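J.: What follows is a single structure, and I will ask about it in a moment.
The values are calculated or read from the model by the stated rules, or taken from the named source; none is laboratory data. Model, not experiment: these values are computed from the prediction. Every residue, glycine among them, receives a Cβ derived from its backbone with ideal geometry; neighbour counts consider all protein chains shown. For accessibility, only protein heavy atoms count, side chains too; no ligands or nucleic acids. Shrake-Rupley method; radii C 1.70, N 1.55, O 1.52, S 1.80 Å.
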Amino acid sequence: MCGIIGYTGKEQALPLILGGLERLEYRGYDSAGVALIEDRRLVVEKRVGKIRELVKSLWGKPYKGKTGIGHTRWATHGEPSTENAHPHTDERCEFAIVHNGIVENYLELRKELEGKGVKFRSNTDTEVIAHLIANAYRGDLLDAVLEVVNRLRGAFAFAVITVHEPSRIVGVKQGSPLVVGLGEGENFLASDIPAILPYTRKIVTLSDGEVADITPEGVNIYDFNGNPVTKEIMVVPWDIISAEKSGFKHFMLKEIYEQPKAVGDTIRGLISSGEEPPFSLKDFRRILMIACGTSYHAGLVGKFWIEKLSGVPTEVVYASEFRYADFPVDERDLIIGISQSGETIDTKFAINFAKRKGAKTLSVVNVVGSSIDRESDYTLHTHAGPEIGVAATKTFTAQLSALYFLASSGHPEKDRLLSELMKVPAKIEETLDRSEVVEKIADKYMKKKDFLYLGRYLSFPIALEGALKLKEISYIHAEGYPAGEMKHGPIALIDENMPVVVVAPQDRVHEKTLANIEEVRTRKGIIIGVGFEGDEKVEKLSSEFIAVPPIEEDFTPFLTVVPLQLLAYHIASKLGLDVDQPRNLAKTVTVE
Ligand code: F6R
């Protein structure tokens, strides 16, 4: 987690760095800082809190430096404080460093440095890098970095500047993301593409084990042994406008409303790009889907589709659990990594592990050029555009589109299935038109302390997703459960204060779900039913009813998730919470 950015060129670096940090803030936001080279002197400014605190502290300060680095932090080692905020410097304040990731052997390195009399100012793992580089420096920053980098263990990306070479930035990638942006007489470096998209669309994505040597005149890439590496330049098709709020109060709300487009673009993109993998799902004895959070829930939905349409047994595993379990994986398996960011460290590990075991790997990824995209054998790209709200919404329904596309590949009725899928965006549009009902329900129940979410079959993952959305942005405790599991424990929680959201479209388990609603009603629970328009049974049994347009069973998750996203959004927004940047979270999880 954490976001880093660097600039060297003809413009004043500070506004460009602050602008970039604002776009990176979703990666962490407990403290922020910048370091600039001002007349061969290093100035470092850091603040606890969001970027706006840093911006305020810089008002009126006359910084004109044309080379600098910036950082927004999500604390791992050392609590959020000014001392622990980045950039970190060496003792003489000649070298400054910003870092994303974890240096696993930092305690050992710190002990060694302290043994030599180095005084540390912070509790971070990062500070060791600044001291090591200062000690290794003999007139060439790149050489010093190359000497140090081979001593570091862990997953990290960092950027370093020095007063001795005022127009140079050296950036390192090993496990955490880092891209270089190419301009005219200026160059950039950042944790991800949107941070520098207003300034350039020409991007070089670094691979693990690479170092970028950046000056205003050019960029050279090397491996950790100092051998030059030739890289491809990618021209990014995104437009920065699509990363602005366009009149919505929050990015999350805008992104919920973008779902018809995200789903439509994903289906059209996959059909027209011919991204279909050159193998049949039936070639495999088993499919393992690996993901975290919302992407994991998309996998749970995808499992039902894949098993139904291809007959191949499919398991969905949390990436963090997969990592330390003894899954027998070999060339008979297909491993599918699902990740919006394409950088989630556990999912990335799973893909690399599976490749080493000889399995085929396929990923469903939103960020083109991300690590998981590059490291998988095949990628199905979701064409959702950049997602800024920390809570995933449009990328979830885009992931569902890609998974349905995959499940239908090789099916004798593929064309019919895809033409049905193409009807989904219009139905999501219709669902969004009914958002006022959801807002009223949010008003009524926003003060409740606990929520239950229930569903069966395809609606069970949606119940999980609805509960996750509510807890992550409103901080209200919420649990998702298979509706049939209620009587095995959770039903004990039900009383007249407990809102129970039941996802009950007319599908193969509808009658069973109705029976579960009855069970909740008998115990006086408050039922918020989500069902098809005109479903009098669900409506009658519910205290509140949210209607979605009727649709074929397979596609119900695309619609039923929308009111649950809106419910979480409106509750958090009415509670006055920071919807787009909820506490303790970060959009991209690059630590274990
Ligand atoms: C929840 C959310 C997270 C992510 C999870 C995986 O709204 O956004 O649970 O889904 O961190 O991230 P990706 O998909 O980038 O691997």
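J.: Residues that are modelled with pLDDT of 95 or more, hydroxyl-bearing (Ser, Thr, Tyr) and either within 27 Å of the chain's Cα centre (by Cα) or under 24 Å from Thr590 (Cα atoms) (or both): does region 210-225 have at least one?
T.: Yes, region 210-225 has at least one match.
J.: Please work out which one of (1) outside the structural domain of Ala515 (by TED's automatic domain parsing); (2) away from the ligand (no atom under 16 Å from the Cβ); (3) part of a loop (DSSP other than H, G, I, E, B); (4) of a type outside the set (Asp, Glu) is the condition Asn497 fails and give its number.
T.: With respect to (1) outside the structural domain of Ala515 (by TED's automatic domain parsing); (2) away from the ligand (no atom under 16 Å from the Cβ); (3) part of a loop (DSSP other than H, G, I, E, B); (4) of a type outside the set (Asp, Glu), Asn497 is out only on (1).
J.: Test Glu232 against the criterion of being more than 16 Å from the ligand (Cβ to nearest atom) and in contact with a strand residue (DSSP E or B) (Cβ under 8 Å, 6 or more places away or on another chain), and give yes or no.
T.: Here the answer is yes, as Glu232 does meet what is asked.
Conditions tested, residue by residue: (1) assigned by TED's automatic domain parsing to the domain that holds Thr72; (2) away from the ligand (no atom under 16 Å from the Cβ); (3) within 22 Å of Ile473 (Cα to Cα); (4) of a type in the set (D, E, K, R).
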| position | (1), (2), (3), (4) |
| --- | --- |
| Val538 | no, yes, no, no |
| Leu541 | no, yes, no, no |
| Ile546 | no, yes, yes, no |
| Glu552 | no, yes, no, yes |
| Thr556 | no, yes, no, no |
| Val561 | no, no, yes, no |
| Ala572 | no, no, yes, no |
| Leu585 | no, no, yes, no |
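J.: Against the condition in the same structural domain as Ile17 (by TED's automatic domain parsing) and in contact with a strand residue (DSSP E or B) (Cβ under 8 Å, 6 or more places away or on another chain), how does Leu107 come out, does it pass?
T.: no
J.: Could you please find all residues in region 375-428 being in a loop (DSSP other than H, G, I, E, B), within 16 Å of the ligand (Cβ to nearest atom) and either among the charged types (D, E, K, R) or surrounded by fewer than 20 Cβ atoms within 10 Å (Cβ to Cβ) (or both)?
T.: Passing the criteria: only Glu387.
J.: Further question: Taking region 409-453, which residues are among the aliphatic types (A, V, I, L, M) and under 24 Å from Leu464 (Cα atoms)?
T.: Leu421, Val424, Ile428, Leu432, Val437, Val438, Ile441, Ala442, Met446, Leu452
J.: Right, another one. Filter region 443-483 down to residues that are more than 26 Å from the chain's Cα centre (by Cα) and in a helix (DSSP H, G or I) and give me whichever is nearest to the ligand (Cβ to nearest atom).
T.: Tyr445
J.: Also, quick follow-up: Picking from Val301, Val263, which residue would you name as being surrounded by 23 or more Cβ atoms within 10 Å (Cβ to Cβ), within 14 Å of the ligand (Cβ to nearest atom) and among the aliphatic types (A, V, I, L, M)?
T.: The conditions single out Val301.
J.: Does Val561 satisfy the criteria of being under 28 Å from Ala426 (Cβ atoms), modelled with pLDDT under 95 and open to solvent by less than 40 Å² (accessible area, probe 1.4 Å)?
T.: So Val561 fails the test.
J.: Mind checking which residues of region 518-540 are crowded, with 19+ Cβ neighbours inside 10 Å, of a type outside the set (Gly, Ala, Ser) and at pLDDT 95 or above?
T.: Those that are crowded, with 19+ Cβ neighbours inside 10 Å, of a type outside the set (Gly, Ala, Ser) and at pLDDT 95 or above: Ile526, Ile527, Ile528, Val530, Phe532, Asp535, Val538.
J.: For region 68-88, enumerate the residues that are closer than 30 Å to Glu11 by Cβ and surrounded by fewer than 18 Cβ atoms within 10 Å (Cβ to Cβ).
T.: Thr82
J.: Among the residues of region 119-135, what is the count of those that are open to solvent by less than 10 Å² (accessible area, probe 1.4 Å) and part of a helix (DSSP H, G or I)?
T.: Going through region 119-135 one residue at a time, the tally reaches 6.
J.: Against the definition (open to solvent by 10 Å² or more (accessible area, probe 1.4 Å), farther than 21 Å from Thr393 by Cβ, within 16 Å of the ligand (Cβ to nearest atom) and in the same structural domain as Leu403 (by TED's automatic domain parsing)), how does Val317 come out, yes or no?
T.: Here the answer is yes, as Val317 does meet what is asked.
J.: Next question, about the same structure. Out of curiosity, is Thr344 more than 23 Å from Tyr569 (Cα to Cα), modelled with pLDDT of 90 or more and within 8 Å of the ligand (Cβ to nearest atom)?
T.: Yes, satisfied.
J.: Output the number of residues of region 137-166 satisfying the condition of being open to solvent by 10 Å² or more (accessible area, probe 1.4 Å), over 32 Å from the mean Cα position of the chain (by Cα) and not acidic (Asp, Glu).
T.: Residues meeting the conditions: 6.
J.: Let me ask you something else. Looking at Lys116 and the list (1) surrounded by fewer than 17 Cβ atoms within 10 Å (Cβ to Cβ); (2) under 30 Å from Glu11 (Cβ atoms), which single condition is not satisfied?
T.: Just one mismatch for Lys116, condition (2).
J.: Which of the residues spanning region 231-260 are among the charged types (D, E, K, R), at pLDDT 90 or above and open to solvent by 30 Å² or more (accessible area, probe 1.4 Å)?
T.: Lys231, Glu232, Glu258
J.: In addition: Hey, can you tell me all the residues within region 12-54 that are under 23 Å from Glu343 (Cβ atoms) and modelled with pLDDT under 90?
T.: Glu22, Arg23, Leu24, Glu25, Tyr26, Arg27, Gly28, Tyr29, Asp30, Lys50, Ile51
J.: Can you tell me which of (1) free of Cβ contacts under 8 Å to residues at least 40 places away in the same chain; (2) part of a helix (DSSP H, G or I) is the one Leu142 doesn't meet?
T.: If we test Leu142 against (1) free of Cβ contacts under 8 Å to residues at least 40 places away in the same chain; (2) part of a helix (DSSP H, G or I), just (1) comes out false.
J.: While we're on this one: Within region 31-56, restricting attention to residues that are open to solvent by less than 20 Å² (accessible area, probe 1.4 Å) and assigned to a helix (DSSP H, G or I), which residue is farthest from Glu94 (Cα to Cα)?
T.: The extreme case among them is Ile51.
J.: If Ala195 satisfies every condition in (1) open to solvent by 30 Å² or more (accessible area, probe 1.4 Å); (2) more than 30 Å from Arg92 (Cα to Cα) but one, which is the exception?
T.: Condition not satisfied by Ala195: (1).
J.: Check region 213-224 and report whether any residue there is under 17 Å from Cys2 (Cβ atoms), part of a strand (DSSP E or B), open to solvent by less than 40 Å² (accessible area, probe 1.4 Å) and among the charged types (D, E, K, R).
T.: Within region 213-224 (the criterion being under 17 Å from Cys2 (Cβ atoms), part of a strand (DSSP E or B), open to solvent by less than 40 Å² (accessible area, probe 1.4 Å) and among the charged types (D, E, K, R)), the answer is no, since none of the residues qualifies.
J.: A further question follows. Among residues belonging to region 268-289 that are over 25 Å from the mean Cα position of the chain (by Cα) and among the basic types (Lys, Arg), point out the one that is nearest to Glu315 (Cα to Cα).
T.: Arg286
J.: Looking at region 433-441, can you tell me whether even one residue there is closer than 30 Å to Lys261 by Cβ, without any contact (Cβ under 8 Å) to a residue 40 or more places away in the chain and part of a loop (DSSP other than H, G, I, E, B)?
T.: yes
J.: Can I ask one more? Within region 360-374, which residues are in contact with a Leu (Cβ under 7 Å, 6 or more places away or on another chain) and either open to solvent by less than 20 Å² (accessible area, probe 1.4 Å) or within 14 Å of the ligand (Cβ to nearest atom) (or both)?
T.: Leu362, Val364
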